[in-house]
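Participant: The following block contains the structure, expressed as structure tokens.
Readers should treat all values here as calculations from the given coordinates under stated rules, not as data from a laboratory. Quick caveat, the model's predicted, so the values are computed rather than measured. Quick reminder, even Gly has a Cβ in these numbers, built from the backbone with ideal geometry, and neighbours come from all protein chains shown.
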Amino acid sequence: MEYISNSQEDTIKIAKNFAKTLSKGDVVVLKGDLGAGKTVFTKGIASYFNGDKNHTISPTFTILNEYNTNPKIYHFDFYRIKNEDELIAIGIEEYLFGDGICVIEWPERAPETLSMVKTKNVEIIKNGESRKIIF
Ligand SMILES: Nc1ncnc2c1ncn2[C@@H]1O[C@H](COP(=O)(O)OP(=O)(O)OP(=O)(O)O)[C@@H](O)[C@H]1O
Ligand SMILES: [Mg+2]
């Protein structure tokens, strides 16, 4: 599927639509440049699962944000990791093979880790204020 988003609100709507296709155990990877809208898209997914009011800043918040939804949503941002050992240290496998939903920004930073698991891929291509969203 390919969608055009002309605003943050459009991206939220598209993400909510995408979220309908998700279930326990899914691993979603979000590709796109800085400022493409990956975090906005994640908020859309979380709001579909009523995560707006259930947001937890976890101790590892620079890498992981948790939403106490059902299923749980684990929002990862791998941008700042130095290497994949850091992910092993936070127990990434438990999340990837657990029964929540993982949503991962900057998957390019962890090719080995993500090669272990089947992913659902979303790409956001920035073009001025407009975005092309492919999944
Ligand atoms: N169509 C659009 N969809 C989403 N965001 C948009 C759109 N148009 C403008 N924006 C703006 O672009 C920014 C997207 O920020 P966001 O943090 O979601 O990007 P990101 O891809 O997560 O970046 P990073 O790689 O730095 O984490 C926001 O400031 C948002 O308001
Ligand atoms: Mg982001």
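Participant: Given just the C-alpha atoms of the chain, how large is their convex hull per residue in cubic angstrom?
Facilitator: So the per-residue hull volume is 97 Å³.
Participant: To the nearest 10 degrees, how steeply does helix 8-19 sit against the main Cα axis of the chain, on a 0 to 90 scale?
Facilitator: 60 degrees
Participant: Going by average Cβ neighbours within 10 Å, how do the peptides 23-35, 67-79, 108-120 rank, with the highest at the top?
Facilitator: 67-79, 23-35, 108-120
Participant: Only Lys, Arg, Asp and Glu count, each charged at its Cβ (+1, +1, -1, -1), so figure out the dipole size of segment 2-134 about its Cα centre, rounded to 20 debye.
Facilitator: In debye, rounded to 20, segment 2-134 gives about 440.
Participant: Using 7 Å Cα-to-Cβ label points, what is the Ala89/Lys118 separation (nm, one decimal)?
Facilitator: Inter-label distance under the simple model: 3.3 nm.
Participant: Continuing with the same structure: Return the subset of Lys24/Lys132; Lys38/Lys82; Lys82/Lys126; Lys16/Lys82 for which the Cα-Cα distance in this structure is over 24 Å, preserving the input order.
Facilitator: Long pairs (Cα-Cα over 24 Å): Lys24/Lys132; Lys82/Lys126; Lys16/Lys82.
Participant: Lys/Arg Cβ at +1, Asp/Glu Cβ at -1, dipole of segment 2-134 taken about the Cα centre: which of Ile88, Gly44, Trp106 is farthest positive-ward?
Facilitator: Towards the positive end, the residue furthest out is Gly44.
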